[in-house]
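The values are calculated or read from the model by the stated rules, or taken from the named source; none is laboratory data. Predicted model, so just to flag it, every value in this text is computed and none were measured. Methodologically, a virtual Cβ is constructed for each residue, glycine included, from the backbone with ideal geometry; neighbour enumeration extends over all protein chains shown. Keep in mind that these areas ignore ligands, DNA and RNA; they rest on the heavy atoms of the full protein, side chains included. Shrake-Rupley method; radii C 1.70, N 1.55, O 1.52, S 1.80 Å.
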Amino acid sequence: MPELPEVESARATIERGALGRRIAAVDDTDRYECRPHAPGEIARALVGRRLVSVHRRGKSMWCETSGADGGEGAGPALGIHLGMSGRIVVTDADGSSIEGGDWLGGRYGRVADQPDRKPEWDRFTLTFDDGGQLRLFDKRRLGRVRLDLDLSALGPDAQQVDLAEFAARVGRGTVAVKARLLDQSVLAGVGNLLADETLWQARISPRRPAGELGAEELAALHRALLAATEAAIARGGVHTGEVIEHRTPGGHCPRCGAELARATVGGRTTFWCPAEQR
DNA sequence: AACAATGTTCAGTC
DNA sequence: GGACTGAACATTGT
């Protein structure tokens, strides 16, 4: 699930539920998600501290931490990336979840609601001294947790670029626009589904060379990106996008009824309306 | 059983 | 060096 909207929801969940609570224990034993840290390294760095703020750029999040045991100064930042299937779950002392979005239906977006939820899918856990937890629940195990996350390879957050910057960054090069939108060093936050939804809303073919787009098309794309992102956050995830539910073999354009085209663009499976998206 | 999956990254080519 | 491509990564679901 995790594209910018899901990560923003996760960020809000942490902000609402996990800040200020003292970290009593840390399970950082997942070798893959916590690499290159050795098991115990993140734990040593965080126990006794509190999360004081959460930030996001694109699909990356990081929490700033307090000094140790209420002391002055600041601790290391805790970086979190949800990967392909991660979610953040924050619980109260009694174990009840105080997380945000409901992640309703559709082929995407359900993970923690599933009845076959396995404990081993919790890849990283902070336990607070009140007994509650912050967990990274991640079936596919491509998420990442690390201290002092490096953000230098990321472009500006997709939700925050203005039209001028958007046009300058996206509207160049010979690659397909979709590939350009997916490039996190160009813009941070757009994933496969959000890219399809944005291009569909803007009526632009994902295969168009990015540098060939005109000023009006880039403006339409920028508008569509902001609208699609905002709607996804409000509705609980990118899977709520207008074309997304039709994004299946044999699916039809919900606007004109034409059968959606399917192909690999920018290395990812792509659906678009061949009648409207030019 | 083979393949695709909302993620990034790295090696390799032009 | 920059732009671009494809495979690899770990795991699950179809």
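Quick look at the numbers
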{"quantity": "Options A:R172, A:R140, A:R135: the member that is assigned by TED's automatic domain parsing to the domain that holds A:P36 and within 10 Å of DNA strand C (Cβ to nearest atom)", "calculated": "A:R140"}
{"quantity": "Pick from region A:32-59, criterion within 16 Å of DNA strand C (Cβ to nearest atom) and under 22 Å from the mean Cα position of the chain (by Cα), ranking: nearest to A:L194 (Cα to Cα)", "calculated": "A:K59"}
{"quantity": "Condition met for A:E242 (touching a Cys at 6+ places or on another chain (Cβ under 9 Å), among the acidic types (D, E) and outside the structural domain of A:R57 (by TED's automatic domain parsing))", "calculated": "no"}
{"quantity": "Matching strands (runs of 3 or more DSSP E) fully within region A:108-200 where at least 2 residues are open to solvent by less than 10 Å² (accessible area, probe 1.4 Å)", "calculated": "A:122-128, A:133-138"}
{"quantity": "Residue in region A:175-184 that is away from DNA strand B (no atom under 15 Å from the Cβ), more than 22 Å from A:H239 (Cβ to Cβ) and charged (D, E, K, R) present", "calculated": "no"}
{"quantity": "Residue identified as more than 16 Å from DNA strand C (Cβ to nearest atom) and within 19 Å of A:R57 (Cα to Cα) among A:L221, A:L226, A:L181, A:L260", "calculated": "A:L226"}
{"quantity": "Selection within region A:213-226 - open to solvent by 50 Å² or more (accessible area, probe 1.4 Å) and closer than 15 Å to A:L4 by Cα", "calculated": "A:L226"}
{"quantity": "Some residue of region A:252-261 being near DNA strand B (Cβ under 10 Å from one of its atoms) and touching an Asp or Glu at 6+ places or on another chain (Cβ under 6 Å)", "calculated": "no"}
{"quantity": "Sole residue being within 16 Å of DNA strand C (Cβ to nearest atom) and of a type in the set (V, I, T), chosen from A:T65, A:T91, A:T29, A:T13", "calculated": "A:T29"}
{"quantity": "A:D129 vs. criteria of a type in the set (D, E), within 28 Å of A:I42 (Cβ to Cβ), assigned by TED's automatic domain parsing to the domain that holds A:I88 and within 13 Å of DNA strand B (Cβ to nearest atom)", "calculated": "no"}
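This table checks each residue for (1) in contact with a strand residue (DSSP E or B) (Cβ under 8 Å, 6 or more places away or on another chain); (2) closer than 14 Å to A:Q277 by Cβ.
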{"site": "A:Q184", "(1), (2)": "no, no"}
{"site": "A:G191", "(1), (2)": "no, no"}
{"site": "A:T198", "(1), (2)": "no, yes"}
{"site": "A:R208", "(1), (2)": "yes, yes"}
{"site": "A:E212", "(1), (2)": "no, no"}
{"site": "A:A215", "(1), (2)": "no, no"}
{"site": "A:L218", "(1), (2)": "no, no"}
{"site": "A:L221", "(1), (2)": "no, yes"}
{"site": "A:A224", "(1), (2)": "no, yes"}
